[in-house]
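*Asks:* One structure coming up, written as structure tokens, with questions to follow.
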Amino acid sequence: MLKALDKFFDYKPVLSIEELERTDFKNLLETAKTYLSEDEVAKVKQAYEFAKQAHGDDKRLSGEPYLVHPVKVANFLMVLKPDIETIITALLHDVIEDTPYTYEDIQVRFWKKVADMCSGLEKVSKVRYKDLPKDKAGEARHLETLKKTFLAMGRDLRVIFIKLADRVHNIQTLHFHPKEEKRKRIALETMKIYVPIAQRLWLSYFQTLLENGSFKILNPQEFDRIYSFLKKKFPQSDVIIKRGIQKLTQLFEKEWFKEFEIKWRIKSPYRVWKKMQKYKTDNPAKILDIIAFRIILPDVASCYAALGIIHQYYIPLLNKIKDYISLPKPNGYRSLHTTVLGFFSYPVEFQIRTFEMDQIAEYGVAAHFAYKEAGKSVSVSQQQAHWIQKLQEIVKKYQWYDDKQSFEDELQVEVLGKNIFVYTPKGDVVELPQGSWVLDFAFRIHTDIWLKVKSAIVNWKIVPLDYKLKTWDIVEIKTYKNRYSASKGWLNYIVTPSARAKLQRFLKQKDKELYIQKGKELLNARLEELGLPLLGSAEDKISKQLSKDELENNLILIAQGQLPMLRFLKKFWLREIEALEKQKLAKQQVKDEIQKDLASVKSEVIIDFDKSKLNYSFCQACNPKVWDRIIAKTGRTAIKVHKISCKSLKSINYAHLLEAHWENQQPQPYKISFRIWVLNRPGALLQLLSVLEEFRINILDLKLGDKKMIDGQEYVATELVLSLTQPAKIGYLIKELKNQRRLVICDKLDLVE
Ligand code: MN
């Protein structure tokens, strides 16, 4: 990206028509020849000659002949491989507005469609950003209207593409404008209207040029500071990139991948600045995902295989795994994304895709608005064509509406979305009203899943009930096998009216049954405690002495807490209970129970320093209490909290550990004692220390101990006590150490505190 930006900002005016024909116009024709017919290329030349004649001796503020501008605009569009009408319109886009020639002149020489698009461009250029309401909400509304008007006036989306390319060149040459005030106004207008439109149309290439160009004018100090930071820190040969590419190459070669290519991308200055705002820092070095690596593979199967390999070696951040291959973005963008820990000392993003997907991602959505283009992936281009067509139809309808509001409503619904579309893990689409929660989804999918909801998983991460769904979310509902969990409380987390009605009906009908069930459970628990026969067992007196209705009514009363259980039981088991009471055994048990209750008091646990409270459960085996030192472990779908001494942690992959601490306590680093055998040679220990340094792990203690021979070489036992805030690091530390020849991996590893 920096290279493309360098080229963009290093603008050299083209000062004569001859030069133009040697450079930009020649490029235009050459690209056109690669996919247009001879007749069509001839038509492009004809349009160029007509534009030359129309603009005559007009000059731009840069001193260039005016003709340079439309040719440059058409050239920007060429990355999208536009159709012939679009190229001609781009060349003629300023003719109606700036020269004596008219709509009819164009219609006669070319096609009606071209003349229509030219007049569309003239109209669009009247949409200006000014006189904004002062308050924020007012500004947002006004901008929304401007953007919609802009889209609507374009009617044909190709007009919008040309207008965006027009603005790209105007921003590129804006520094020639003598008035600072005007420069800032145009840059601001670009930022507020053109950038969001480019973004909405997924034209990321134009978006990057527009936002960085505007940023440079609006905030030159910040732009220069970040731009030079990026160039200094990340030139192409930089160690970080080299090391990353080397590491990945080794990994994939080791795993027998035959054909792959590793690329990298760097965030643009504007995007870095935006992130700095978000994280409230003015230091660009604090932004961690400036570099991402891209792994390009020959087919889809290898993409998934590569994702698996990466996850095998490095711990993925579960909510950052994105599968745009099976669920492409609306523009057809396909790729796998994942962010992992352990590759460097900070999270690193990987984008995994095929050669073809990479091509399409580079050119952006409009790559396929050239409907005639042949030989490319049909499914993707069809998808894009469909999406564009849909957008275009809505935009076109605008001319039929007298009532602007209803048009905007429709645009709102269709494009901006009052409804959201989420997916099942199998890829079925579920449409829900905006603002829906996960339970709305559970009620929508089918029959009785909603009765037994245990947890909801969105994008492979467990979410709370008050998670608001967004379009593209992949939602999975986990259920209990034999338990109804539907409850009154859910009414607070359901927006769909039909789902609310369903739940209310259920609650009414099932109230009685639930109480009976609950009463039975309570009673049986007490019977068991007292050592008396359970309901339904052979010696059960209660069921024998009461009718079914009587029993059920009593159970309901018990469940509702209206009938003391002991009083009820004494009707049947008076002697036995009195005997127990005499021995004060029953009382003691009550005491024990109180004790037990106190002991089981649990505070909330904060996991991985995430205040938004990840869902978790406690390990059954070690059952941690508030005073225990704890740690969490991620599984496929759930997080479990353990005591650090829990036996189940002895034989696990340490990379799955997460920091955990009780809500009302301060997080403290974990102390881990660790023994490893180091080759008894100069430098070997230093090598160990440098690995620890690389992982930024604190060493609390280091002792050298016994020596022993392994494979004819002498090794020294090295006992380390390490301190870590992120326990997962120990997992990748072990992996890294395993790769070091001069070290033999530990035979003792303990979480000490
Ligand atoms: Mn123009």
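The values are calculated or read from the model by the stated rules, or taken from the named source; none is laboratory data. No experiment lies behind these values; they were computed from the predicted model shown. Here the Cβ positions follow ideal geometry from the backbone for every residue, glycine too, while neighbour counts run over all protein chains shown. Surface accessibility is based on the protein's heavy atoms, side chains included, excluding ligands, DNA and RNA. Shrake-Rupley method; radii C 1.70, N 1.55, O 1.52, S 1.80 Å.
*Asks:* Simple spin-label model, 7 Å along Cα-to-Cβ: PHE260 to SER617 in nm?
*Replies:* Taking the simple label geometry, PHE260 and SER617 are separated by 3.6 nm.
*Asks:* Let's test the formula: R0 of 22 Å, r as the Cβ-Cβ distance of SER326 and LYS454. What FRET efficiency results, to the nearest 0.05?
*Replies:* Values: r = 25 Å, r/R0 = 1.14.
According to the calculation, E is roughly 0.30.
*Asks:* With every protein chain left in place and a probe of 1.4 Å, what is the accessible surface of SER485, to the nearest 10 Å²?
*Replies:* 20
*Asks:* As an exercise, identify the GluC sites (Glu not before Pro) in the range 195-277 lying in DSSP coil whose Cβ has no more than 16 other Cβ atoms within 10 Å.
*Replies:* Working: sites: GLU211, GLU222, GLU253, GLU255, GLU259, GLU261; in loops: GLU255, GLU259.
Those that pass, being in a loop and sparsely packed, are GLU255, GLU259.
*Asks:* Sticking with this one: Given a Förster radius of 30 Å and the C-beta distance between ALA4 and ALA301 as r, what FRET efficiency does 1/(1 + (r/R0)^6) yield to the nearest 0.05?
*Replies:* Efficiency computed from Cβ-Cβ geometry: 0.40.
*Asks:* Compute the label zone of SER16 within the range 44-78: residues whose backbone N is under 13 Å from the point 7 Å along Cα-to-Cβ.
*Replies:* Hits in the range 44-78 for SER16 at 13 Å: 65.
*Asks:* If the chain between LYS708 and LYS544 were fully stretched, how many nm would it gain, using 0.36 nm times the residue separation less the Cα-Cα distance?
*Replies:* Using 0.36 nm per residue and subtracting the Cα-Cα distance, I get 51.5 nm.
*Asks:* Also, I was wondering about something else. Quick one: if the Förster radius is 56 Å, what FRET efficiency do SER690 and ASP98 give, using the C-beta to C-beta distance and rounding to 0.05?
*Replies:* After rounding, the FRET efficiency stands at 0.30.
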